[in-house]
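The values are calculated or read from the model by the stated rules, or taken from the named source; none is laboratory data. It should be emphasised that the depicted structure is a prediction, and the values quoted were computed from it without experimental measurement. Neighbour counts are summed over all protein chains in view; Cβ atoms, including those assigned to glycine, are modelled from backbone coordinates with ideal geometry. Areas reflect the complete protein model, heavy atoms only, side chains present, ligands, DNA and RNA absent. Shrake-Rupley method; radii C 1.70, N 1.55, O 1.52, S 1.80 Å.
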Amino acid sequence: MRKIYTVPLGLLGAGAATFGYASVIERNWFRLRRFDVPVLQPGRPSVKILHISDAHLTPGRSRLIRWVRSLDALEPDLVVNTGDTLSHRDAIGPFLDALGPLLDRPGVFVYGSNDLYSPVFKNPLRYIWRTSKADYKRHRREPDLPYRELGSSLQAAGWLDLNNRIGRLKVGELDVEFGGIDDSHINRDRYDKVAGPVDPQADIHLGVMHSPEPRNLDRFTADGYDLLLAGHTHGGQVCVPFYGALATNCGIDRPRVKGLHRHRGSWLHVSAGLGTSPTAPMRFCCPPEASLLTLVPR
């Protein structure tokens, strides 16, 4: 009888230990990734971009709030937030507290679907064969999170709203042109509003979006953007050792689910994000992250 129960109990114990690690340890094991991106003209001074994404913040995430606040010590020249900031109606104050002194630095932002719609439980296995995009078409009509208040708070600090907009900022000694789109995952992207060749007078051109859908990546690249920044994928969130992400939840291919890669003539950085949905609070072989991208001469 002991032998009959040994294997099932062992598997149950291993599963419980894995879930505990993924939901308690790795979910709070924040990492900073660093990349040099060779996009500047020779002789131009380097600049540092702090890329944050997918905080999915709830008021109780004190470790996440403290860690993000500590990133100001990196002295970035620019902060880029690629969306899915909220997971609770009362999370705007905690997020602004997390940014803290980063709000005094130049910044830009776009929205993700979870800035508008509160999280609901979904079977996580579905992401292996489909994305969650259809869920919003069928069930989510009116936004129930205060995304406009989030945007107003960030704009009050001087950050640019790039949801289907073009903008411009002085970043360090560089004149930076931005093009941004709202979230394609819920069909709020309107690339036609920002379409057209970049201004050659700018020193660098950045394309900002939440979900890295290839159809939009192609258009940014065709218009001459040097670096594209996105989030949304969570890096797969649950990955298999020596294989990687099981799913991307969008049109991007698995090898580019996170990190710095090429997309035709542009560089593409996809953040694995800082958080998780409260309905799936775990990460495995994919720690939460922010990235420091240093733009350097080609």
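If you average 1/r over every pair of different alpha-carbon atoms in the chain and take one over that average, what Kirkwood value in Å do you get?
Kirkwood radius, the chain: 19.6 Å.
Between residue 222 and residue 264, how many nm apart are label points set 7 Å from Cα along the C-beta direction?
In this crude spin-label approximation the distance works out to 0.6 nm.
With +1 on the Cβ of every Lys and Arg and -1 on the Cβ of every Asp and Glu, and nothing else charged, how large is the dipole of the chain about its Cα centre, in debye rounded to the nearest 20?
Roughly 1300 debye for the chain.
Share of the chain's accessible area from carbon and sulfur, percent, 1.4 Å?
55 percent
Figure the gain on full extension for residue 21 and residue 243 (residue separation times 0.36 nm, minus the Cα-Cα span) and round it to one decimal in nm.
Going from the current span to full extension adds 78.0 nm.
From zero outward in steps of 10 Å, how is the percent of C-alpha pairs of the stretch 194-241 spread across the bins?
Using 10 Å bins, I get a P(r) of 24, 44, 21, 9, 2 for the stretch 194-241.
Determine, from the Cβ-Cβ distance of residue 74 and residue 175 and an R0 of 25 Å, the FRET efficiency 1/(1 + (r/R0)^6), rounded to the nearest 0.05.
So the FRET efficiency works out to roughly 0.65.
At what distance in nm do the modelled label points of residue 152 and residue 97 sit from each other, each positioned 7 Å from its Cα along Cα→Cβ?
2.1 nm
Once R0 is set to 35 Å, what does the formula 1/(1 + (r/R0)^6) return for the Cβ-Cβ distance between residue 202 and residue 31, expressed as a FRET efficiency to the nearest 0.05?
That gives a FRET efficiency of 0.65.
How much length is gained on full extension from residue 118 to residue 193, taking 0.36 nm per residue of separation minus their Cα-Cα distance? Could the numbers behind the result be given before it?
Values: separation 75, 0.36 × 75 = 27.00 nm, distance 2.74 nm.
Length gained between residue 118 and residue 193: 24.3 nm.
For residue 47, enumerate residues with amide H under 5 Å from its amide H, sequence gap 5+ or separate chain, H modeled in the peptide plane.
295
Quick one: which residues, 5 or more positions from residue 202 or on another chain, have an amide H under 5 Å from its amide H? H modelled 1.01 Å from N in the peptide plane, none for Pro or chain starts.
Here the answer is none, since no amide H 5 or more places off falls under 5 Å of that of residue 202.
Below 10 angstrom from the Cβ of residue 82, what's the summed charge of the other residues (Lys, Arg +1; Asp, Glu -1)?
On the way: positive: none; negative: 54, 84, 183.
Counting the neighbours of residue 82, the net charge comes to -3.
Could you tally up the Lys pairs in the chain with alpha carbons closer than 23 Å? Skip any pair fewer than 8 positions apart unless they're on separate chains.
So the count of such lysine pairs works out to 9.
Springs between alpha-carbon pairs under 10 angstrom, Gaussian network model over the chain: which of 264, 89, 31 fluctuates most?
Taking springs between Cα atoms under 10 Å, the residue moving most is 264.
From largest accessible area down, sort 161, 36, 253, 104; use a 1.4 Å probe on the protein chains. Show your work: numbers first, answer last.
On the way: 161 25, 36 105, 253 60, 104 135 Å².
Sorted descending by solvent-accessible area, the residues read 104, 36, 253, 161.
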